[in-house]
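Student: The structure follows.
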Amino acid sequence: MKKFSNFVICLLLCVFAIGLVGCGKDKGNGFSPATEETVVGNGGMVVRKGEYVYFANGFQNVSELTEDQRDSAYTKGGLYVAKLENDEFVRDEDGYLVSDNLRQVSTKLAGYDATDLYVFGDYLYFVSPSTKQESGKLTESEWAKDRSVFYRVKLNNFDKIEELYQANVKHENLSYQYYNKNGKTYLLVHEKGEDLNGDGNTDRLLRIDVQAKKKKDKVKVVASNVTSFVFGANKEDNAFDRVYFVEKADEKYNLYRYDVSKNEKTTVIDGSTTEIVAKFVSENYVFITRTDGSTTRMQRAEIGGSFRDMMPDASEDAVGTLFLMPNGADLMSVVKNKFQFYLAGNQTVSPRYIEDTDSDSVSTINVIGFANGSIVYYDNNNKLKMVSYSEFLAGNTPTIHYLAKVEFNADYLDINGGDLYYCTGENAGYLFKIDLVNNTAEEGKAEGEIVGVYLDADKPTDEEDAD
């Protein structure tokens, strides 16, 4: 009887342990952050939880993939995790990450044209090109590599990879965001353009319940004929429990607010004869544009409040590319080589601006993102730069810092905390990072640090290092 009771106790302990780390065995090879650890960088190609950094090991362009790569186990472009020590990557004498502090999370291609990584709870969420054959109007022999497939993998069991959803459109016609609340996670997907199934279901907003066990309960169509939508995220890198989208019906525009967890939508503007485009949503505000003939106005409203004009002229020629400032209340636009700031709340204001006058050859600036009170960007000469907007708004003249003169892929740049991550080359490049805090003392002298795992064939020889 005593042996039997001991067995029962052991069994109960093991069952309890399974819920934590798989009966005491960590199949993530000891690389499992605690559930309560802080997540930084959701939605980029690098995401950190606690002392673990998950990353796509470089970049592969989908258009360059060949049939023999379809079922390949990827190193370059694969999915890895690195364990930090004293908040730093651990490197060998040659500058490469040491293998004891690295694990491969998945051999699937994670670094490609549609890469975004998220961590919620004990799961890492990622996307990869489909390995299936196309069906429908396309030939059966054609590889469906342009479609994105959504997966999640358990952080303490890299063998446990679960497919969540395969998109119906090409990856360039796909937008998505995850939302997590009270331990439940939802994937929101906007599909537009050609439906590869030939069903004609385009411009749809979908909600995928990743917890649903039955396929019929997993995917819900939120709305069709969606002309625009916006997500917003809080400081914990989690999407707000609200999505604003515009649905066009009978040549009129309707603005809705969507409650993700309840799967409910609320009408905000009904039957507008002027074109409405949902632009941004923050903790306290929602932003839209209204176009009437040749006039486009940018408007802002407090959540649940009335819309008021925020810009004197929001036409494309006037404002160029728009960005929501980190305070969630003001806007910045980019016109040629100027950053223009639209401030002062609901009042219509003329912009203040920072101009990059590095040389006569700077005609375009491309914003990567915001970090530490600064704008991180690159110019048309492919120089990575940073300028303090907080210093400028305080009334000072900020210095433009040259971060680095390096080869980078303009479509594969990501800010995570105080670091800028980038990939080299137009295709098949590796991952590097630049410290945004400590690499501005010597203008243009910063060098990228290798983050990824190099194939031996791609490591430079001693002679190349000497050059």
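Student: For the stretch 361-395, give me each residue that is of a type in the set (Lys, Arg) and more than 18 Å from Asn438 (Cβ to Cβ). So that I can check it myself, show each step before the final result.
Tutor: Pass one, the stretch 361-395, residues of a type in the set (Lys, Arg): 383, 385.
Within the stretch 361-395, just Lys383 meets the criteria.
For every residue, the table says whether it meets (1) more than 21 Å from Tyr165 (Cβ to Cβ); (2) surrounded by fewer than 23 Cβ atoms within 10 Å (Cβ to Cβ); (3) β-branched (Val, Ile, Thr).
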residue: Ala56; (1), (2), (3): no, no, no
residue: Gln69; (1), (2), (3): yes, yes, no
residue: Leu102; (1), (2), (3): yes, yes, no
residue: Val127; (1), (2), (3): no, no, yes
residue: Glu134; (1), (2), (3): no, yes, no
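Student: Please state which one of Lys145, Lys160 is assigned to a loop (DSSP other than H, G, I, E, B), farther than 21 Å from Asp259 by Cα, charged (D, E, K, R) and in the same structural domain as Gly44 (by TED's automatic domain parsing).
Tutor: On the way: Lys160 fails: assigned to a loop (DSSP other than H, G, I, E, B).
Answer to the check: Lys145.
Student: Moving on to the next point. Can you name every residue in the stretch 43-64 that is modelled with pLDDT under 90 and either touching a strand residue (DSSP E or B) at 6+ places or on another chain (Cβ under 8 Å) or under 24 Å from Ser99 (Cα atoms) (or both)? Write out each step before concluding.
Tutor: Just the residues of the stretch 43-64 that are modelled with pLDDT under 90, to begin with: 43-45, 58-64.
Hits for the stretch 43-64 are Gly43, Gly44, Met45, Gly58, Phe59, Gln60, Val62.
Student: For the stretch 422-451, name all the residues that are of a type in the set (A, V, I, L, M, F, W, C), outside any loop (DSSP other than H, G, I, E, B) and at pLDDT 70 or above. Let's see the steps before the verdict.
Tutor: From the stretch 422-451, those of a type in the set (A, V, I, L, M, F, W, C) are 423, 428, 431-432, 434, 436-437, 441, 446, 450-451; that's our starting set.
Next cut, outside any loop (DSSP other than H, G, I, E, B) only: 423, 431-432, 434, 446, 450.
Within the stretch 422-451, Cys423, Leu431, Phe432, Ile434, Ile450 qualify.
Student: Turning to a different aspect of this structure: Among (1) within 15 Å of Phe339 (Cβ to Cβ); (2) modelled with pLDDT under 90, which single condition is Asp419 missing?
Tutor: (1) is the only condition that Asp419 fails.
Student: Which of (1) in a loop (DSSP other than H, G, I, E, B); (2) within 19 Å of Met325 (Cα to Cα); (3) at pLDDT 90 or above does Val349 not meet, given it meets every other one?
Tutor: (3)
Student: Hey, can you tell me all the residues within the stretch 200-210 that are at pLDDT 90 or above and either more than 22 Å from the chain's Cα centre (by Cα) or not charged (D, E, K, R) (or both)?
Tutor: Those that are at pLDDT 90 or above and either more than 22 Å from the chain's Cα centre (by Cα) or not charged (D, E, K, R) (or both): Leu205, Leu206, Ile208, Val210.
Student: Is there any pair with a first residue in the stretch 146-162 that is under 23 Å from Ala82 (Cβ atoms) and a second that is polar (S, T, N, Q) and part of a strand (DSSP E or B) whose Cβ atoms are under 8 Å apart and which are 6 or more apart or on different chains, and what are they?
Tutor: What qualifies is Tyr151/Ser106; Tyr151/Ser128; Val153/Ser106; Phe158/Gln104; Phe158/Ser106; Ile161/Ser106.
Student: Tell me which residues, restricted to the stretch 188-226, are over 17 Å from His171 (Cα atoms), in contact (Cβ under 8 Å) with a residue 24 or more places away in the chain and part of a loop (DSSP other than H, G, I, E, B).
Tutor: Within the stretch 188-226, Asp199, Val210, Gln211, Asn225 meet the criteria.
Student: Please go through the stretch 324-344 and give me each residue that is more than 20 Å from Ser282 (Cα to Cα) and part of a loop (DSSP other than H, G, I, E, B), ordered by number.
Tutor: The answer is Lys336, Asn337.
Student: Out of the stretch 246-260, which residues are over 12 Å from Thr273 (Cβ atoms) and in contact with a strand residue (DSSP E or B) (Cβ under 6 Å, 6 or more places away or on another chain)? Lay out the reasoning, then the answer.
Tutor: Quick first cut of the stretch 246-260, residues over 12 Å from Thr273 (Cβ atoms) only: 246-247, 249, 255-260.
Listed by number, the residues that qualify are Val246, Glu247, Leu255, Tyr256, Arg257, Tyr258, Val260.
Student: Is it the case that some residue within the stretch 384-404 is closer than 29 Å to His171 by Cβ and either outside the structural domain of Asp360 (by TED's automatic domain parsing) or at pLDDT 85 or above (or both)?
Tutor: yes
Student: For the stretch 267-279, does any single residue satisfy the condition of being under 30 Å from Gly50 (Cβ atoms) and assigned by TED's automatic domain parsing to the domain that holds Gln177? Spell out the reasoning first.
Tutor: Initial filter on the stretch 267-279 (under 30 Å from Gly50 (Cβ atoms)): none.
No, the stretch 267-279 contains no residue that is under 30 Å from Gly50 (Cβ atoms) and assigned by TED's automatic domain parsing to the domain that holds Gln177.
Student: Here is a further query. Failed condition for Tyr151, given (1) buried (at least 21 other Cβ atoms within 10 Å of the Cβ); (2) modelled with pLDDT of 90 or more; (3) not acidic (Asp, Glu), with all others met?
Tutor: All conditions pass for Tyr151, except number (1).
Student: Out of (1) touching a Phe, Trp or Tyr at 6+ places or on another chain (Cβ under 6 Å); (2) outside any strand (DSSP E or B), the odd one out for Ala410 is which?
Tutor: (1)
The values are calculated or read from the model by the stated rules, or taken from the named source; none is laboratory data. This is a predicted model, so every value here is computed, not measured. Note that each Cβ is placed from the backbone with ideal geometry, even for glycine, and that neighbours are counted across all protein chains shown.
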